[in-house]
Amino acid sequence: MIRVTIDGVGQEAMSGERLIDVINRAGVKISQVCYHPQLGPIQTCDTCMVEVNGQLVRACATTASAAMGILTKSEKAAAAQREAFDRILSNHVLYCTVCDNNNGNCTIHNTERLLGIEHQPIPYHSKPYEEDHTNPFYRYDPQQCILCGRCVEACQNVQVNETLSINWEDPHPRVLWDGGSTIGESSCVSCGHCISVCPCNALMEKSMLGHAGFLSALPKTTLSGMIDVVKGIEPETGYGAILKLSDAESHMRESRTRRTKTVCTYCGVGCSFNIWTKDRHILKVEPLDGPTNGISTCVKGKFGWDFVNSADRLTKPLIREGGKFREASWDEALDVVARKFREIKAKNGPDSLAFVSSSKCTNEESYLMQKLARVVIGTNNMDNCSRYCQAPATQGLFRTVGYGGDSGSIRDIENAGLVLIIGSNTAESHPVLATRVKRAHKLRRQKLIVSDLREHEMAKRADLFLHPKPGTDIVWLSAVSRYLLENGMASTEFLAKWVNGLEDYKKSLGPFTMEFASRTCGLSQDILKEVAHMIAEANGVCILWAMGVTQHSMGSDTSTAISNLLLITGNYMKTGSGAYPLRGHNNVQGASDHGAMPNFLPGYQSVDDPEVRSRFEAGWNVQLPSTKGLDNHEMIEAIHEGKLKAMYLFGEEMSLVDSNANFVGEGLSKLDFFVVQDIFFSATCRFADVVLPASPSLEKEGTFTSTERRIQRLYQVFEPFEGSRPDWQIIQEIANRLGATWQYRHPSEIYREIASLTPLFAGVTYERLEGFKSLQWPVAADGTDQPLLYTNDFAFPDGKAQLFPLSLTEPTDQPNAEFDLHLNNGRLLEHFHEGNMTYRNEGIREKTPDTFVEVSPELAEERGIRSGTWVQLTSRYGQVRVRALVTDRVRGKELYMPMNSVESPVNRLTSSHTDSATHTPAYKEASVHLRVLPEVGESPLPRINHRFGHPTPQHGVEVERKWKRPDYRMPGNGLVQIQTN
Ligand code: SF4
Ligand code: SF4
Ligand code: SF4
Ligand code: FES
């Protein structure tokens, strides 16, 4: 710490801290138009000029040193600030009263008020460009753009999509997309970073335009007339009077605009933001204070909310009668559910019923669902969709380090020396998390290794891209581990102090020589050795993995091999290191954490542990079943075997997302009684006997737990859509009709009960989670959480981790002469899963209207396929018809099909083979025959899809180019005439 003075008053600062941060912390008001703390100094606006030792400097770009005297209001500094702002106004018309950005947070408006500038000596110059409305979600108005470059910095160095730049050398600079394309045809992924940081109305969400202001919806000609009137009276009245009027209008908006904090409903990154609404209209999503994401979002979190107000929402319970559904009242439907559950339980016993919780719903709802199953019905037949993706990763971590969660935070991933991504299309499946890796790689030279079948964005950016043969990751991981151990590159100190089982593990590595790995994986020994050396030399290694690893018959073992590798290199127990299984759904971590599993009560407390059971039995006043229940996979088998008669499932599209969809569908149709609770009439509803209309995340309160074990609160944005109800209320109604006496009035009361029974969440309270506050479990009773999971010990009785020996088995469903192509599958950036929510968004549909199968250029040439050719894919289990997309993202005889289709779901082609330890389907082990059909259509991806764009990477805003312009000079050097009030 050092001391400086600001306008003569002493202030503590850190040596090297930016002056602007010191000034802001001291509460001294100073103009700073281009500065955004999450972007760092951009230095384009010059409004933050201060005087230090007689010199004018930019406060955002100057760092504090001991005894520095900073003058923010000296004559020199004030004149420079005003001159700089005056230049900004030459690019921007102040028509605040009729502007949709006049919401109290417009940087231009507020700076104008702060500086008290009454008149504009440098006149406004219009630019020779039109507004660009070609993106479905936002528009750019060059006439209002002040060229601050915040958007460019955000796009180049935070999102790292590298779409935006400014043509500083042009007589009329402006923001460019892909160097001069329309927005619609550019590489823009519609993540929204640029719009979120724009300090004015130059970039705006279309959902704001004409909606936010009282007068902004007026016809354009009327608006232009009013703007001209304002410009006309400005010389006479000055800006002061005009600003007073716009301030009044802005205050009036507060009465009808609500800003509510929520957590994203899509992927497991856990972005949180404020949603601005006017009645049921979403004005915009404003990310700023989220502990995970700050200013970041992806297209789904920023713009993917139309589904909430879709006309397709279920509004009435449905009961199947005579092969058809009829509408029913809530009372009638709930009575039927309770009666049928009671009858089936009485006739066939509690284990003839099964319950499936939703990874999209809240922790409290998963908790209630498992309580209904265990306490009210008396069965452990309880699962959630982590069975389809994450269970093997959890298993690998249980075996080796004890807890089934990320061992650190996204910040650790950002700070690692090396990031190794295996089987994860991170830029599309976990977009905001990927931005942190891309940023560290671009700006900090973090090393990046990617192992994947597809050369996706992260693979293209990687320092080393491995393309192993399908299903062989376990082999190269084990071979690299053996090589590290044998060549003195393992962390012997860490192993001696913290790890058990080294000798057995070493023996198990016997078969995994470099030669064997090279042959099996199709990777050269040199590459594998390079991987080993990069790991050994890195200052902290984080390994990220996802469904490309877990959805294999060896998913648990490969996950274990990852953790073994981290253990032998000492990459646990320190920041910037560790294991990061990337959770797919927003609350897939939380659903398992809160007991929606057949073998665990909440907090991973085993159902067969008498001590655990007796604690829950005392709390719930009931005797609990003691043997593991059925998981999702076993449930389907049990239906086919006639053992399972009834099922209650909420917020889960089981008939499409479970593998071998035909087999699953047949199973579901055999149930005696099936209840599906959802927000839409999903494909799974077709098999239901009763359908109950539920509410999505924006219509309820509760908590979600993200991939980094971060528990966050969501607040209710809207009342439940007419006729629908929050899932926790529906579950409670059913439980009470079955004899329970639950009286939860709010999810906070449910969480109080969870915390009282679950040591992992002992200190979690709604108060500690208020607003944007969050906690990363385990949370001690005093509220202390653990961003870094292992600090003093591992979660085993002796506190040591365990190396877990592995052996090799063959992948299932291998190609042969008939089924000669390997079929991979996964997510797309724009759609979530089968697309039930994202297809209801016009903008997303316009850019990405359909699914497709990716075909390599080699295979396309061999079979006479081009983008748009219809093909029929046939596997040993089913058939789909789909259009081809020829791309070099895939190679040779490997195909890739995104999941986003209800008509042609990829799971008609996948098998019922599973990972032996967890029963997670081996979705990624599928072989197909491809038949080229005579029809050739349009390319399934339109030209306006971002994948056809041409990014323009550069080092941020490149303000030096602006400073080289002949018409640029630093403000404050010349004599300027500024009129003030
Ligand atoms: S990708 Fe598009 S939306 Fe995202 S920051 Fe860049 S230009 Fe803006
Ligand atoms: S569009 Fe970009 S450069 Fe223009 S004002 Fe907005 S953030 Fe600044
Ligand atoms: S990255 Fe994930 S959590 Fe964040 S906005 Fe996108 S979908 Fe939502
Ligand atoms: S805030 Fe310092 S130059 Fe813009």
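The values are calculated or read from the model by the stated rules, or taken from the named source; none is laboratory data. The structure presented is a predicted model; accordingly, all values stated were derived computationally and were not measured. FYI the Cβ positions are ideal-geometry reconstructions off the backbone, even for glycines, and counts take in every protein chain you see. In case anyone asks, the SASA skips ligands and DNA or RNA and just uses the protein heavy atoms, side chains included. Shrake-Rupley method; radii C 1.70, N 1.55, O 1.52, S 1.80 Å.
Considering amide H positions built from the backbone, and no H for Pro or chain starts, which residues 5 or more places from Glu854, or on another chain, come under 5 Å of its amide H?
Here the answer is Leu885, Tyr896, Met897, since their amide H atoms fall under 5 Å of that of Glu854.
Would you list which aspartates and glutamates come within 20 Å of Lys220, measuring only between C-alpha atoms, while excluding same-chain residues fewer than 8 positions from it?
List returned: Asp100, Glu130, Glu131, Asp132, Asp141, Glu205, Asp228, Glu249.
Given the alpha-carbon gyration tensor of the stretch 828-923, what are the semi-axes of its equivalent ellipsoid in whole angstrom, ordered largest first, with each equal to the square root of 5 times an eigenvalue?
22, 21, 12
Could you calculate the FRET efficiency of Glu493 with Ser65 from 1/(1 + (r/R0)^6), where r is the beta carbon distance between them and R0 is 35 Å, rounded to 0.05?
The value I calculate is 0.35.
Within the stretch 602-647, which GluC sites (Glu not before Pro) sit in a loop by DSSP and count at most 13 neighbouring Cβ atoms inside 10 Å?
Taking the stretch 602-647 and a limit of 13 other Cβ atoms within 10 Å, the loop GluC sites (Glu not before Pro) found are Glu641.
Scattering from the C-alpha atoms of the stretch 683-832 alone, worked out with Debye: what is log10 I(q)/I(0) at q = 0.12, 0.13, 0.14, 0.18 1/Å?
-0.85, -0.92, -0.98, -1.14
Looking only at Cα atoms, what is the convex hull volume of the stretch 495-650 per residue, in Å³?
203
Against the empirical 2.2 N^0.38 Å scaling, what ratio does the C-alpha Rg of the stretch 221-298 come to?
1.59
State in Å² the accessible area per residue of the stretch 212-298; use a 1.4 Å probe, count heavy atoms of protein chains only, and round to the nearest integer.
Solvent-accessible surface per residue comes out at 43 Å².
Per residue, how large is the accessible surface of the stretch 901-968? Use a 1.4 angstrom probe and give square angstrom.
46
Remind me, relative contact order of the chain in percent, using alpha carbon pairs under 8 angstrom and six or more residues apart?
So the answer I get is 15 percent.
Write down the radius of gyration of the stretch 612-697 and its Dmax, each obtained from C-alpha positions, in Å.
15.2, 43
Taking each pair of distinct Cα atoms in the stretch 502-554 once, what is the resulting Kirkwood hydrodynamic radius in Å?
Mean inverse Cα-Cα distance, inverted, gives 13.4 Å.
Would you kindly calculate the translational diffusion coefficient of the stretch 327-368, applying Stokes-Einstein with the Kirkwood radius from alpha carbon pairs, for 25 °C and a viscosity of 0.890 mPa s, and quote it in µm² s⁻¹ without decimals?
Translational diffusion coefficient: 201 µm²/s.
Using the Karplus curve 6.51 cos²θ - 1.76 cosθ + 1.60 with θ = phi - 60°, what ³J(HN,Hα) values do you get for each residue of the stretch 563-577, in whole Hz, with x for Gly and Pro?
Values per residue, Gly and Pro as x: 5, 4, 4, 5, 5, 5, 9, x, 9, 10, 6, 8, 5, x, 8 Hz.
Might you tell me the accessible area per residue for the stretch 42-158, computed with a 1.4 Å probe and given in Å²?
Computed with neighbouring chains in place, this is 32 Å² per residue.
Based on the Cα atoms of the stretch 58-203, what semi-axes does the equivalent ellipsoid have, where each is the square root of 5 times one gyration tensor eigenvalue, given in whole Å with the largest first?
Equivalent-ellipsoid dimensions as semi-axes: 29, 20, 15 Å.
Which value, in nm² and rounded to one decimal, describes the direction-averaged projected area of the C-alpha convex hull of the stretch 695-782?
Its average projected convex-hull area is 6.5 nm².
Can you give the FRET efficiency to the nearest 0.05 for Leu808 and Arg444, using r as the Cβ-Cβ distance and R₀ = 30 Å?
Step by step, r from the Cβ atoms, then E = 0.20.
State, to one decimal in nm², a quarter of the convex hull surface area for the C-alpha atoms of the stretch 601-654, i.e. the direction-averaged projected area.
5.0
With the Cα gyration tensor of the stretch 1-72 in hand, give its eigenvalues times 5 under a square root as the equivalent ellipsoid semi-axes, listed largest first in whole angstrom.
Each semi-axis is the square root of five times an eigenvalue, giving 18, 13, 11 Å.
Within the set of other residues whose C-beta is less than 9 Å from the C-beta of Pro953, count the net charge using Lys and Arg as +1 and Asp and Glu as -1.
Charge balance near Pro953 sits at 0.
What percentage of the solvent-accessible surface of the chain, computed with a 1.4 Å probe over protein heavy atoms, is contributed by carbon and sulfur atoms?
Carbon with sulfur: 50 percent of the solvent-accessible area.
Between Asn167 and Glu343, what is 0.36 nm times their sequence separation minus the Cα-Cα distance? Round to one decimal in nm.
56.1 nm
Starting from 0 in steps of 10 Å, tell me what percent of the Cα-Cα pairs of the chain lands in each bin.
Going from the shortest bin to the longest, the percentages are 2, 11, 19, 23, 20, 14, 8, 3, 0, 0.
Would you calculate the separation in nanometres between label points at Lys893 and Glu327, each defined as 7 Å from the Cα along the Cα-to-beta-carbon direction?
5.5
I'd like the trypsin sites (Lys or Arg not before Pro) in the stretch 393-502 restricted to DSSP loop residues with at most 14 other Cβ atoms within 10 Å, sorted by number.
For trypsin sites (Lys or Arg not before Pro) across the stretch 393-502 that sit outside H, G, I, E and B with at most 14 neighbouring Cβ atoms in 10 Å, the list reads Arg444, Arg445.
So what's the convex hull volume per residue for the Cα atoms of the stretch 141-230, in Å³?
Normalising the Cα hull of the stretch 141-230 by residue number yields 121 Å³.
Using Cα centres only, tell me the gap between the stretch 623-652 and the stretch 185-224 in whole Å.
Their Cα centres are 50 Å away from one another.
Past 19 Å, Cα to Cα, is the threshold; run Lys345/Lys645; Lys127/Lys231; Lys469/Lys924; Lys371/Lys643 against it and keep the listed order.
Pairs exceeding the cut-off: Lys371/Lys643.
Give me the aspartates and glutamates in straight-line cross-link reach of Lys442: C-alpha distance below 17 Å, same-chain residues under 8 apart excluded.
Once the sequence-local aspartates and glutamates are set aside, what remains near Lys442 is Glu153, Glu162, Asp412, Glu414, Glu457, Asp463, Glu958.
Can you list, bin by bin at 5 Å, the percent of alpha carbon pairs in the stretch 340-494, starting at 0?
2, 7, 11, 14, 16, 14, 9, 7, 7, 6, 4, 2, 1, 0
When the helix-only estimate is applied to the chain (DSSP H runs of n ≥ 4, each -39,500 (n - 2.57), divided by the residue count), what is the mean residue ellipticity at 222 nm, nearest 500 deg cm²/dmol?
Here the helix-only value at 222 nm equals -8500 deg cm²/dmol.
Taking the Cα centre of each part, how many Å lie between the stretch 826-894 and the stretch 396-466?
About 25 Å separates the Cα centre of the stretch 826-894 from the one of the stretch 396-466.
Treating cross-link reach as a plain straight distance, find the lysines whose alpha-carbon is under 29 Å from the alpha-carbon of Lys76, omitting any fewer than eight places away in the same chain.
Lys29, Lys244, Lys962, Lys964
Cα-Cα pairs above 13 Å in the stretch 564-636: how many percent?
74
Which cross-chain or sequence-distant (5 or more) residues have an amide H under 5 Å from the amide H of Leu448, H modelled 1.01 Å from N in plane?
Those lying under 5 Å, H to H, from Leu448 are Val419, Asp463, Leu464.
Along each of the three principal axes of the Cα atoms of the stretch 1-121, give the extent in whole Å, ordering the values from largest to smallest.
Largest first, the stretch 1-121 extends 47, 29, 22 Å along its Cα principal axes.
How large is the direction-averaged shadow of the alpha-carbon convex hull of the stretch 472-582, in nm²?
Projected area, direction-averaged: 6.7 nm².
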